[in-house]
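Just below is one structure, and these are the notes that go with it.
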Amino acid sequence: MGDGDFGGLADVELAAYVDAERLGCGPSVRELGVVEVRRRQGVRVAGRVGGPELAEVRDVEVGRRSVSGVALGGLTGVDVVAGDASLVASTGVGASGDVAGGGLGSAEGFAGCAEGVASVRGRLYRPTLDAVPLVVYLHGGMWSIGGLESHDRLCRRLAVAARVAVLAVDYRLAPEHPWPAGIDDAVAAFRWAAEHAGELCGAVGMPAIAGDSSGGHLAALVCLRMRAAGGPMPASQFLAFPNTDLTLSRPSTREKATGWGLTTDAVAWGVENLVPDPVRRADPGVSPLFADDLAGLPPAVVVTAEHDPLRDEGDEYADRLRGAGVRVRHRRELGMVHGFLTMELVSPAADAAGGRFFADVADFMLG
């Protein structure tokens with residue numbers, strides 16, 4: 001189908017979805033506030049079709065010395081309702097990602113901590129009980145919403161399609177936990193996963209890091225943090241329509257500001273929650289696009305969407321990685337909008353675009 005057949009969108013189903021969003025847009029996230037936005041997302045997630053069955057799915061406490069956890073399905077044969085109070089009690093983590101009993105404070109986070117010290121909740125997805133590579137996944141949601149439930153179907157699909165184990169991380173959210181809480185959690189979770197990959201899924205070698213949108217932003221920063229620390233370095237980085245410039249100064253933030261699903265003002269709201277001080281948003285430790293040097297970072301897949309306020313910052317980050325000598329596979333999905341990885345039930349074209357991203361993961365991890 002040629003570009004422009006459906007108002008510039010990839011198929012008639014996606015065009016209908018975007019048209020409905022344009023006609024039915026209600027209050028903005030800024031007007032609703034974080035509590036109501038989270039509540040509404042929870043309602044949508046509860047009504048979503050479940051993802052594929054896997055050999056094993058279980059919740060784990062990322063940061064504990066043990067990798068034992070609560071079985072959620074698969075060959076373990078235990079069904080637990082997602083969000084059940086027993087899970088919260090067992091992990092010490094609330095539905096918003098808050099850590100019971102205090103925060104994690106330092107850049108070292110909770111990695112290697114002793115029993116009884118704060119951890120964050122994670123969820124392990126295994127497509128097989130055989131040994132497979134591990135991908136640590138950081139969910140999107142403007143750093144303010146989302147969690148294990150919002151990305152459960154996506155992580156299941158990734159595990160099946162790429163034949164990898166996936167460890168989703170329920171990092172702390174803003175505004176309750178502003179910068180640097182989320183990235184501290186992500187770094188510490190990656191360190192913990194690298195230490196326990198063999199126990200989690202029989203993996204040999206370093207895990208990869210992945211994320212969509214704000215999760216892609218955190219995944220990129222994990223790589224920069226690991227380089228600065230001298231390792232361990234992720235095997236690869238998989239970034240789907242990532243934030244890389246929290247100053248929101250690239251042209252697409254103006255060209256695609258409204259009318260394509262995600263709005264630039266919604267992203268700005270998330271940025272304000274995460275980094276209240278505008279001066280800090282251009283810091284390379286906050287916006288990876290502002291890093292002076294990207295050499296020595298892991299091989300990268302960077303996929304962006306044509307009709308996305310974040311398009312240009314993702315494209316530019318891929319170009320800068322390549323210019324620094326990093327192996328990069330970069331693709332701008334034509335006719336796509338932000339968030340297409342979770343739109344496979346809406347649009348066949350979005351499903352196909354997601355399938356290409358999963359194939360990229362498999363190629364880099366198994367090829």
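How high is the FRET efficiency between Asp265 and Ala228 when r is their beta carbon distance and R₀ equals 35 Å, given to the nearest 0.05?
In this case the efficiency is close to 0.60.
Listed highest first by mean packing, meaning other Cβ atoms within 10 Å per residue, what order do 251-260, 303-312 come in? Walk me through the intermediate numbers first.
Numbers: 251-260: 17.0, 303-312: 25.3.
Averaged packing, sorted descending, gives the order 303-312, 251-260.
Asp293 to Val35: FRET efficiency via 1/(1 + (r/R0)^6), r the Cβ-Cβ distance, R0 45 Å, to the nearest 0.05?
0.65
Which three semi-axes in whole Å describe the equivalent ellipsoid of the range 260-367, each the square root of 5 times a Cα gyration tensor eigenvalue, listed largest first?
24, 22, 11
Using a/c under 1.5 as the rounded threshold, could you call the range 114-245 rounded, prolate or oblate? The axes a ≥ b ≥ c are square roots of the C-alpha gyration tensor eigenvalues, and prolate needs a/b larger than b/c, oblate otherwise. Spell out each step's value before the answer.
Details: a/c = 1.40, a/b = 1.25, b/c = 1.12.
Rounded.
Determine the sum of side-chain charges near Phe358: Lys and Arg each +1, Asp and Glu each -1, restricted to other residues whose C-beta is under 14 angstrom from that of Phe358.
Net of charged neighbours comes to +1.
Taking the solvent-accessible surface of protein heavy atoms with a 1.4 Å probe, what is the per residue accessible area of the range 289-367 in Å²?
On the way: 2770 Å² over 79 residues.
I get 35 Å² per residue for the range 289-367.
Which peptide among 25-35, 354-364, 321-331 comes first, and what is the full order, when sorted by highest mean count of other Cβ atoms within 10 Å?
The most tightly packed comes first, giving 354-364, 321-331, 25-35.
What whole-number distance in Å separates the alpha-carbon centres of the range 224-242 and the range 291-367?
So the two Cα centres are separated by 15 Å.
Expressed as a whole percentage, what fraction of the accessible surface of the range 262-336 belongs to carbon and sulfur atoms when a 1.4 Å probe is rolled over the protein heavy atoms?
C and S fraction of accessible area: 51 percent.
How far apart, in nm, are two points set 7 Å out from the Cα along the Cα-to-Cβ line at Asp19 and at Arg254?
3.1 nm
So with the 1.4 Å probe, I'd like the accessible area per residue for the range 125-171, rounded to whole Å².
21 Å²
The values are calculated or read from the model by the stated rules, or taken from the named source; none is laboratory data. Source: prediction; values computed, not measured. Cβ atoms come from the backbone with ideal geometry, glycine included; neighbour counts cover every protein chain shown. Areas reflect the complete protein model, heavy atoms only, side chains present, ligands, DNA and RNA absent. Shrake-Rupley method; radii C 1.70, N 1.55, O 1.52, S 1.80 Å.
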